[in-house]
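Right, one structure below, let's go through it.
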Amino acid sequence: MRSRRPLGLLCLPALLMTLVIAKQAAAVTQLRAPSTAAYLVGKTASRPLATPSTFATLGRPIGIAATPTRLLVTQAQRSTVKSIDSAGNVSLFATLPTTDKSIEPYIAVSSGLGGFPLGNVYVVVRQKIFQISPNGSNPKLFKKISGLSGGNNGITFDTVGTFGFNMLITDRRGPVWTVTSSKVATQIVDVMDQIEGPAVAPLTFGNYGGQLLVASEFAGQVFAISPTDFSISTVGSWESAEGVDMIPTTVCEFDASGGAYFVAMEDENRVVMFPALDFTGLEGQALAPGEITTSIGVSDGLSDFTTFSGPIGTPDLEGSDFFPCSGR
């Protein structure tokens, strides 16, 4: 917001002018959007806040997908996928066969449903979806969707069955696509808002069981998309919501790492982790990490998001995932 000085003040003595301008500046400061701390005041639940810590360090991490043996991470403007073991050691997993680069390349691992091979890894780079074998070999183009935007496109798999066990792709501009294992892509809806970080909710998730949840950091909301008529409703609000993660019914830690939930902190060049204990009593609920606030909200699908974790660090916060207890 800009303040404008009344024309009559131009002839005041310099000292008086300084006082008036200082008063206006203070007023402008009060009218600005609330800080993260102020925003969280009305969002705080009665339970203790979560306890994140650093798991691994690497340059500008973006997408995160956990497998039973490793954490897979993509990085901004790179065509490689990195592997992190339970001790936090980083190594090369695969190099994608492309010269294209994306600011936010996202990644997902197949659960073996809908005809997608178990453990296959899929990475979205601009309009292209690449497929990698579970051991990191044979990276190749899986599908190109010409209608997708040039970056920041989300990816997930339907493990519930309400969307046919298909791959789901979100275009940051609002369109949502399903992709079958036979590579048939179909746009099913347009949210008409910025979206990313999709996840299909379990059937037990409050008022939105079986629906596709997507986050809008611009709107500061999480939307739900019906699998039957593709109608759109609002689950709740969370400032700068970057994505949605469903808390598993059983939360497991990655071997001796002490981490069950992993979050990419791009500008801090690190991946943080949360222990399984932080999720006690929250199983089946939805998390919404905030890209700019770096705080995380939680909702049961019946009420709005409340604070799961206060700010983790310096923005931007990017992708996140839970470690699978077995398989996907």
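Please treat every number below as a calculation from the coordinates, not as lab data. Because the structure is predicted, anything quoted here is derived from the model rather than measured. Glycine also receives a Cβ, built like all others from the backbone with ideal geometry; neighbour counts cover every protein chain displayed.
Net charge within 12 Å of residue 167 by Cβ-Cβ distance, Lys/Arg positive one each and Asp/Glu negative one each, not counting residue 167 itself?
So the surrounding residues net to +1.
Which order do the peptides 284-296, 122-134 come out in when sorted by mean C-beta neighbours inside 10 angstrom, highest first?
Descending packing order for the listed peptides: 284-296, 122-134.
Got a sec? How would 229, 316 order by Cβ neighbour count within 10 Å, fewest to most?
Placing the least packed residue first, the sequence is 229, 316.
Kindly express, to the nearest 10 degrees and within the range 0 to 90, the angle between helix 14-31's C-alpha long axis and the longest C-alpha principal axis of the chain.
The answer is roughly 30 degrees.
I'd like to know which of 153, 252, 236 lies farthest towards the positive end of the charge dipole of the chain, counting +1 on Cβ of Lys and Arg and -1 on Cβ of Asp and Glu.
153
Less than 12 Å Cβ to Cβ from residue 95, Lys/Arg counted +1 and Asp/Glu -1: what total charge do the surrounding residues give?
+3
Rg/Rh for the chain to two decimals, with Rh computed the Kirkwood way over all alpha-carbon pairs.
When Rh is taken as the Kirkwood radius, the ratio is 1.05.
Can you tell me the dipole magnitude for region 50-322 around its Cα centre, using point charges on the Cβ only (Lys, Arg +1; Asp, Glu -1), in Debye to the nearest 20?
The dipole of region 50-322 has a size of about 1200 debye.
Relative contact order for the chain using alpha-carbon pairs under 8 Å, separation at least 6, rounded to a whole percent?
Worked out over the chain, it gives 17 percent.
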